[in-house]
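Accompanying notes for the structure given below.
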Amino acid sequence: MSSLPEIRRSDRAMSDDEAMRLLERGYSARVATIDAGGYPYCVPMLYVAINGRLYIHGTSARGHLRANVDHCDKVCFEIDEPSEVFAYGRFECDTGLAYRSVIVFGTIRVVVADNAKREFLDALMAKYANPAWKRPQGFYPRLTAITVYEIAIERVSGKFSALPDMSQQWPARDRTMSPNAIAPSSTVAPTSS
């Protein structure tokens, strides 16, 4: 794999184990592929992690995702758990987001074997299905109507930003990134009476 930049904010880096745990429990992902014109294409997907690999699926009809996978096997996969937006300084630009996220770079391929597709569907239903639905389990009459994709992880990195305690948020503490700036009085939002 080509060399990729390291995480700029290494103080926010997760360990590889933490990143993998977040990948295993994450809800949905954004999967980015590259088309023949060199443009990225990003789509939200449900997914499962099985034995250190990631799996997604879509229709067997050839659309943008399948065309991209057939063109280039490089993929970027992202999940996140956003928390709260918070103010850390006195200006509107002094705003942050508490979050946890994982980025995966790897290769993607089409899964052909029916038994592997069934294993994926079993794991997908175990992760997302509601037991109250009481539907027949392990029965997939449209198995040939879906395409399952396997993502081999080449690099994974996780990052987080914890929600600061209220004593560390503005106005209790001013942590503006431009401490010498003075806002013109006309930009201050009026207070309601």
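The values are calculated or read from the model by the stated rules, or taken from the named source; none is laboratory data. Worth saying up front: this structure is predicted, and the values here are computed from it rather than measured. Backbone-built Cβ (ideal geometry, glycine too); neighbour counts: all protein chains shown.
Laid out as a table, the results:
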item	result
Inter-residue pairs, beta-carbon under 6 Å, first of a type in the set (Lys, Arg) and in segment 114-125, second at pLDDT 95 or above, 6+ apart	LYS117/VAL111; LYS117/VAL148
So ASN115, is it within 23 Å of ARG53 (Cα to Cα), exposed (fewer than 12 other Cβ atoms within 10 Å of the Cβ) and not hydrophobic (A, V, I, L, M, F, W, C)	yes
Residue ID - surrounded by the most Cβ atoms within 10 Å (Cβ to Cβ), chosen from residues in segment 70-85 that are charged (D, E, K, R) and not in a loop (DSSP other than H, G, I, E, B)	ASP80
Which listed residue is in contact (Cβ under 8 Å) with a residue 24 or more places away in the chain, touching a helix residue (DSSP H, G or I) at 6+ places or on another chain (Cβ under 6 Å) and of a type in the set (S, T, N, Q), from THR33, THR107	THR33
Output for segment 59-69, where each listed residue is touching a residue at least 24 places away in the same chain (Cβ under 8 Å) and either surrounded by fewer than 18 Cβ atoms within 10 Å (Cβ to Cβ) or of a type in the set (Asp, Glu) (or both)	THR59, SER60, HIS64, ARG66, ALA67
LYS127 out of contact with any Ser or Thr (no Cβ under 7 Å at 6 or more places or on another chain), under 22 Å from SER28 (Cβ atoms) and of a type in the set (Lys, Arg)	yes
Subset tally (residues that are within 11 Å of LEU97 (Cβ to Cβ) and either of a type in the set (Asp, Glu) or in contact with a helix residue (DSSP H, G or I) (Cβ under 7 Å, 6 or more places away or on another chain) (or both)) for segment 161-172	1
Conditions (1) closer than 30 Å to GLU92 by Cβ; (2) modelled with pLDDT of 90 or more: number failed by SER186	(2)
Unique match (being of a type in the set (Phe, Trp, Tyr), over 19 Å from SER161 (Cα atoms), surrounded by fewer than 18 Cβ atoms within 10 Å (Cβ to Cβ) and in contact with a strand residue (DSSP E or B) (Cβ under 9 Å, 6 or more places away or on another chain)) among TYR88, TYR99, TYR41, TYR47	TYR41
Residue count for segment 131-184, restricted to those that are among the polar types (S, T, N, Q), within 27 Å of ILE50 (Cα to Cα) and without any contact (Cβ under 8 Å) to a residue 24 or more places away in the chain	1
